[in-house]
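Structure record follows, encoded as structure tokens.
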Amino acid sequence: MKNLKEFKELIERYETITLEEIKTEWKKRKDLNFGNSSDYIPYETANKLTGFGSSSTCTLCLAVKTDFVRCGDCVYAESYGCVNDSNEKTYNKIVNTRTPKGLLTAFRKRAEHLRNTYKEILNENK
């Protein structure tokens, strides 16, 4: 795995992001939607603040990217991917949140899940 450093940084980002940061970015995303559907505001906010949700912005994907994303080189390769199996629930919680406070909670839950699920990898490589 080639992105353990970035993985640790992402977990820390999920743990330290503030409600104020989320509210500020949420408002920007809402203003850019010009009254259109707000379904994408949580996703766009998460993406802007953490790189969440796209291989072209994800800090983990970018760390293993050559000409294309090399998922086998990612920490998530240990568990079938970033949005599959046990990782899917917390991923979807981020996507489906409806408020800035909900997004903060979803980020914290994602961090907790990642710390617990990848405990061995994180502890082995301190």
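The values are calculated or read from the model by the stated rules, or taken from the named source; none is laboratory data. What you see is a predicted model; the values in this text were computed from it and never measured. All Cβ positions, glycine included, derive from the backbone under ideal geometry; neighbour counts span all protein chains shown.
Points to keep in mind about this one:
- Within the range 94-121, residues that are among the small types (Gly, Ala, Ser) have Cβ atoms under 9 Å from residues that are part of a loop (DSSP other than H, G, I, E, B) and surrounded by 16 or more Cβ atoms within 10 Å (Cβ to Cβ) in these pairs: Ala106/Thr97, counting only partners at least 6 apart in sequence or on another chain.
- Conditions (1) surrounded by fewer than 15 Cβ atoms within 10 Å (Cβ to Cβ); (2) at positive phi: number failed by Glu20: (2)
- Just one residue in the set Arg98, Arg110 is crowded, with 19+ Cβ neighbours inside 10 Å and of a type in the set (D, E, K, R); that residue is Arg110.
- Among residues of the range 97-114 being over 13 Å from the mean Cα position of the chain (by Cα) and in a helix (DSSP H, G or I), the one that is nearest to Glu21 (Cα to Cα) is Pro100.
- If the condition is being part of a helix (DSSP H, G or I), surrounded by fewer than 16 Cβ atoms within 10 Å (Cβ to Cβ) and modelled with pLDDT of 85 or more, then the range 55-72 contributes only Leu62.
- Criterion (modelled with pLDDT of 95 or more, surrounded by 13 or more Cβ atoms within 10 Å (Cβ to Cβ) and assigned to a helix (DSSP H, G or I)) met by exactly one of Lys30, Lys48: Lys48
- Residues within the range 76-90 that are assigned to a helix (DSSP H, G or I) and surrounded by fewer than 19 Cβ atoms within 10 Å (Cβ to Cβ), tallied: 7
- Neighbours by Cβ (under 6 Å, 6+ apart or cross-chain): first from the range 1-25, under 16 Å from Asn47 (Cα atoms); second β-branched (Val, Ile, Thr) and part of a helix (DSSP H, G or I): Glu6/Thr59; Phe7/Val75; Leu10/Thr59; Arg13/Thr50; Glu25/Thr45
- Some residue of the range 82-89 being modelled with pLDDT under 95, of a type in the set (S, T, N, Q) and within 25 Å of Glu25 (Cβ to Cβ): yes
- When residues of the range 90-126 are limited to those that are touching a Ser or Thr at 6+ places or on another chain (Cβ under 9 Å) and among the aromatic types (Phe, Trp, Tyr), the one nearest to Lys30 (Cα to Cα): Phe107
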